[in-house]
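The structure under discussion appears below in the form of structure tokens.
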Amino acid sequence: MALAPGSTIGILGGGQLGRMMALAAARIGYECHIFDPHERPCAAEVSAHFTRAKFDDEQALRRFGAGCDVVTYEFENLPVEPLRVLGDRLKPGLKSLAVAQDRGDEKSFLEDAGAKVTPWRAVASLEDAQAAVAELGLPVVLKTRRYGYDGKGQAWIRDAGDAQEAWDAIGREPAVAEAGVNFDAEFSVVIARTADGTSRAFPLTRNHHEGGILRTSTVPAGPAIDAMADRAIAAARAIADSLGHVGVLTVEYFATADGPLVNEIAPRVHNSGHWTIEGAHTSQFEQHLRAILGLALGDASLVAGSAVMENLIGSEIDRWADILAEPGADLHLYNKGEARPGRKMGHVTRLS
Ligand code: AMP
């Protein structure tokens, strides 16, 4: 059943994704309730309600859930067990969250769903890392199974003698070892799926990363990537279906000579979909809300010839006044306070 305007949407996590989701909700007449352990999360200042509590505080979660018509998340590193108190109100469900939290479970799941991933091994010791290098060949990247993001918790092994250093660098945590992919480009598919199994994808987005952090996203992605659209969207749809996912799901790909390889999934709206705010008829945030509210999905096509999104990271936010003065530049600032190096502070989208 569809939830009518005026309903309350709970959002676990109060970062910029929650902030942009709350702004999208306000536009179509819904109000948001942010749940986050921080004192002043940037999503709370644009939302009607805020609960400050830890993500594993079941009592607080129960109270929060009782006051919301539906609950979603903007962040996947949430403890799964305590969220059971939210029951069916949580969309996407716990399976999407659990699978995306652990790189090993994620890779097994992706393979079972029929998606192609780079050859990989589970690693629990230095000996496992060395064995993975022997089996996969060089280079290999070690990634912690849990709590990695934006290139954190990763170390490359380019020479067999580097295994010890890489294992130490990731804190000797349970990990996966992945064969290094010789890719031509990276891209993502942002797809929304409703409870009745209808899904709709945004145009493929080419992503450029530096140091593991997304710098720019460009749409259209270009002919070489768009030639993979059918395969990439079919795989994303199969992944969403086997998760029983309700909401937006993001699938990040490597474009290789052999076709698309899945790098990872995020069970949520994604940085590579920010261009949709101005660049698509329906933004990824509104599309996510439509899916979890039981509404019809919107038109996901481009409104212009092209869109380029540039992240403003750390002190790059100091350029805000120049960007504001630039014709055709759409500036978004997240009001996150201190501009620490590597921190996503805002973004700008340019359509043409
Ligand atoms: P991730 O946190 O897994 O998204 O990794 C961050 C970035 O590191 C990716 O966007 C790629 O640019 C690079 N990367 C990750 N895994 C691999 C791999 N197996 N081969 C080559 N590059 C990779």
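Some notes on this structure:
- Estimated FRET transfer efficiency (F183, A131; beta-carbon r; R0 35 Å; 0.05): 0.90
- Among M21, M309, M228: highest mean-square fluctuation, GNM of the chain, C-alpha pairs under 10 Å: M228
- Under-5 Å amide H pairs with T256, H placed in peptide plane, nonlocal only: D184, L261
- Most mobile of T194, T205, T51 in a GNM of the chain (Cα contacts under 10 Å): T51
- Helix 229-243 and the longest principal axis of the Cα set of the chain meet at an angle near 70°.
- For the cross-link pairs K116/K152; K107/K143; K116/K143; K95/K152, the ones whose C-alpha atoms lie over 20 Å apart are K116/K152; K95/K152.
- Note on the chain: GNM, Cα springs under 10 Å; of A227, A266, A44, the largest mean-square fluctuation is that of A227.
- Residue order, fewest to most beta carbons within 10 Å, for V70, V117: V117, V70
- Each principal axis of the Cα cloud of the chain was taken in turn, and the coordinate range along them, longest first, works out to 59, 49, 42 Å.
- Other-chain or far-sequence residues with amide H under 5 Å of V117's (modelled H): V262
- Difference of contour (0.36 nm per residue) and Cα-Cα distance, D168 to R340: 59.4 nm
- One equal scatterer on each Cα of the range 8-90, no solvent, Debye formula: the resulting log10 I(q)/I(0) at q = 0.16, 0.20, 0.22 Å⁻¹ is -0.49, -0.79, -0.96.
- Residue-wise HN-Hα coupling along the range 197-211, computed from phi with Karplus coefficients 6.51, -1.76, 1.60 (Hz; x: Gly, Pro): x, 6, 9, 8, 9, 6, x, 4, 10, 7, 10, 10, 10, 10, x
- Residue-by-residue Karplus 3J(HN,Hα) for the range 30-47, coefficients 6.51, -1.76, 1.60, Hz, glycine and proline x: 10, 10, 10, 10, 8, 10, 7, x, 7, 6, 9, x, 5, 7, 5, 6, 10, 10
- Packing here is the average count of other Cβ atoms within 10 Å per residue, and on that basis the peptides 72-81, 332-341, highest first, run 72-81, 332-341.
- Rounded tilt (10° steps) of 126-136 against the dominant C-alpha axis of the chain: 80 degrees
- Residues I225, I239, sorted so that the one with the fewest Cβ neighbours within 10 Å comes first: I225, I239
- Computed from phi, the 3J(HN,Hα) profile of the range 18-24 under the Karplus parametrisation 6.51, -1.76, 1.60 (θ = phi - 60°) reads x, 4, 5, 5, 5, 5, 5 Hz, with x in place of Gly and Pro.
- A simple packing score, the average count of other Cβ atoms within 10 Å per residue, orders the peptides 100-111, 128-139 as 100-111, 128-139, with the highest score first.
- Packing-based order for 180-193, 269-282, using average beta carbon neighbours within 10 Å, highest first: 269-282, 180-193
- Net length gained if the chain between A4 and A329 were fully extended (0.36 nm per residue, minus Cα distance): 113.6 nm
- Here the ratio of the Cα radius of gyration of the range 119-179 to 2.2 N^0.38 Å is 0.93.
- Between I28 and F50, full extension at 0.36 nm per residue minus the direct alpha carbon distance yields a gain of 5.9 nm.
Every number here is computed from the coordinates shown, using simple stated rules; none is lab data. Because the structure is predicted, anything quoted here is derived from the model rather than measured. For neighbour counting, all protein chains shown are included, and Cβ atoms are generated from backbone atoms with ideal geometry for every residue, glycine included.
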